[in-house]
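Peer 1: Sharing a structure below in structure tokens format, with a few things to ask.
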Amino acid sequence: MFSKVLSGATFGIDAYLVEVETHYEKQLPSITIVGLPDNAVKESKERVLAAIKNSGIEFPLKKITINLAPADIKKEGSSFDLPIAVGILAATEIINPDLLNQTFILGELSLDGTLRKIKGALPITVEARKLGIKKIILPAESVKEASIVDGIEVYGLQSLMQVIQFLNEEEKFDPVYTNKYDIFSQVNTYMLDFSDVKGQENVKRALEIAAAGGHNILMIGPPGSGKTMLAKRFPSILPPLNFEEALETTKIHSIAGILRKDQALITERPFRSPHHTISDAALIGGGTIPRPGEVSYAHHGVLFLDELPEFKKNVLEVLRQPLEDYKVTVSRSKMSLEFPANFMLAAAMNP
């Protein structure tokens, strides 16, 4: 009649616990989701219904109420599909609830029951470890980034049926581990290297000083003099990322969903070069539910603004706070989020 599944969601670059509570009773069949769900979460009931049926399981024809607690924070995204499905199956005793109180569950369901990649797997796994959770179940495509976290067993599964078999202990699955020391031992893999540049000794000396001291730099020169070429190779002379810096940078990219599925950790300093038509919200971050912008994607790396005078005045004005405070605060009527933005600004312009 009742079940509770542990899941998580992101808030800024951090995560928090979400308890997916499911209750069903013998009334006219319906599914109601409460707890401030957005449209993607409201639509999950259709995906869950199809995924359960296409996994060969009879869907219970009863009134089902699903609560996403805490109920005062807006929930967004499709990662609640799997915990909602597991909650329904646990309430109807198809899944054994014994493992649910020590397992985090996340995943988007396709209509045939397979699991799809989600955003924010890394920060949610870090939060699960803080809460003392022993296991976390994720889609196989998202398991690489989550497996970098020590002290928690990370399982990457392919389908709803595999999740049922795992929770009922009908089949054994091995947790995924990634050795962070092996990742950091890899050689520098920058495609563009500073040693490629011949001549330009004065500019190269200035860039080396900027890299050594973490200074911002503006290059002024006629078209074709090599400003963009030098800027693209600038990250290759910066000091390598340490583990804490890499983890913080990876969390930002994970939340934005721009991390490659085969990438466990960002080990190179990011280089972002937005077009001069970019808006202030895209540069700094924003939206109804605030998301990081280019200054945060460049965290611990380089933000390159080519053709600096072409950028709108208001866009350049909003760079003041992150350049001074190394962070961005995005305020909305219902929330205020803080994103890290510790980057080096490189700019180029014609005289």
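Peer 1: For the chain, modelled as a Gaussian network with Cα springs under 10 Å, which listed residue fluctuates most, 253, 300, 276?
Peer 2: Taking springs between Cα atoms under 10 Å, the residue moving most is 276.
Peer 1: Quick one: check the C-alpha center-to-center distance for region 282-307 versus region 43-96, whole angstrom.
Peer 2: With region 282-307 and region 43-96 each reduced to a Cα centre, they are spaced 35 Å.
Peer 1: Considering the convex hull of the alpha carbon atoms of the chain, report its projected area averaged over all viewing directions, in nm², one decimal.
Peer 2: Details: hull surface 77.4 nm².
Mean projected area for the chain: 19.3 nm², to one decimal.
Peer 1: Among 66-77, 207-218, how do they line up by average Cβ neighbours within 10 Å per residue, starting with the highest? Please report the intermediate quantities before stating the final value.
Peer 2: Numbers: 66-77: 17.1, 207-218: 14.4.
Going from most to least packed, we get 66-77, 207-218.
Peer 1: Using a 10 angstrom cutoff on alpha carbons, build the Gaussian network for the chain and name the most mobile of 97, 37, 29.
Peer 2: Maximum fluctuation in the GNM of the chain, among the listed residues, is at 29.
Peer 1: So, one more: Which whole-number percentage describes the relative contact order of region 238-323, with Cα contacts under 8 Å and a sequence gap of 6 or more? Walk me through the numbers before you get to the answer.
Peer 2: Details: 100 pairs, mean separation 26.2, N = 86.
Contact order relative to length: 30 percent.
Peer 1: Quickly work out the residue 50-to-residue 209 label distance, labels modelled 7 Å from Cα along the C-beta direction, and quote it in nm with one decimal.
Peer 2: 6.2 nm
Peer 1: Loop-only check: which GluC sites (Glu not before Pro) in region 262-333 are DSSP coil with at most 15 other Cβ within 10 angstrom? Mind dumping the intermediate values first?
Peer 2: Numbers: sites: 268, 294, 307, 310, 317, 324; in loops: 268, 307.
Filter output for region 262-333: 307.
Peer 1: Show the residues, 5+ positions off or on another chain, whose built amide H is closer than 5 Å to the amide H of residue 302.
Peer 2: Under 5 Å from the amide H of residue 302: 271, 272, 344.
Peer 1: Hand me the trypsin sites (Lys or Arg not before Pro) from region 130-193 located in a DSSP loop with no more than 15 other Cβ atoms within 10 Å, in residue order please. Walk me through the intermediate numbers first.
Peer 2: On the way: sites: 130, 134, 135, 144, 172, 180; in loops: 134, 172.
Sites meeting the loop and neighbour criteria: 134, 172.
Peer 1: If amide H atoms are built 1.01 Å from N in the plane of the peptide, which residues on other chains or at least 5 residues away come under 5 Å of the amide H of residue 327?
Peer 2: Placed amide hydrogens put 341 under 5 Å from residue 327.
Peer 1: Along region 241-251, what does the Karplus equation 6.51 cos²θ - 1.76 cosθ + 1.60 (θ = phi - 60°) give for ³J(HN,Hα), rounded to whole Hz, x for Gly and Pro?
Peer 2: 3J(HN,Hα) across region 241-251, in whole Hz: 5, 8, 5, 5, 5, 5, 5, 5, 5, 5, 4.
Peer 1: Sticking with this structure for a sec: With springs only between Cα atoms under 10 Å, which of 257, 87, 120 fluctuates most in a Gaussian network model of the chain?
Peer 2: For the chain, modelled as a Gaussian network with Cα springs under 10 Å, the answer is 257.
Peer 1: Are there GluC sites (Glu not before Pro) in region 1-68 that DSSP marks as loop and that have at most 16 other Cβ atoms within 10 Å, and which are they? The partial results should precede the final answer.
Peer 2: On the way: sites: 19, 21, 25, 43, 46, 58; in loops: 43, 58.
When the GluC sites (Glu not before Pro) of region 1-68 are filtered for loop state and at most 16 Cβ neighbours within 10 Å, 43, 58 remain.
Peer 1: Got a number for the accessible area of residue 229? Probe 1.4 Å, square angstrom, nearest 10.
Peer 2: Only protein atoms counted, so the area is about 80 Å².
Peer 1: I've got another one for you. Which pairs, out of 26/53; 4/130; 119/172; 119/227; 135/180, put more than 24 Å between their alpha-carbon atoms?
Peer 2: Working: 26/53 20 Å; 4/130 20 Å; 119/172 26 Å; 119/227 35 Å; 135/180 19 Å.
Flagged as over cut-off: 119/172; 119/227.
Peer 1: Moving on. Kindly report the accessible area of the chain per residue (heavy atoms of protein chains, probe 1.4 Å, no ligands, DNA or RNA), in Å².
Peer 2: Numbers: 16630 Å² over 351 residues.
On a per-residue basis, the chain sits at 47 Å².
Peer 1: In whole percent, how big is the carbon plus sulfur part of the accessible area of the chain, probe 1.4 Å, protein atoms only?
Peer 2: That share works out to 51 percent.
The values are calculated or read from the model by the stated rules, or taken from the named source; none is laboratory data. Just so it is clear, the structure is predicted and the values come from calculations on it, not from any experiment. In this analysis, Cβ positions are derived from the backbone assuming ideal geometry, glycine residues included, and neighbour counts consider all displayed protein chains. Note: accessible area is taken over every heavy atom of the protein model, side chains too, but ligands, DNA and RNA are not part of it. Shrake-Rupley method; radii C 1.70, N 1.55, O 1.52, S 1.80 Å.
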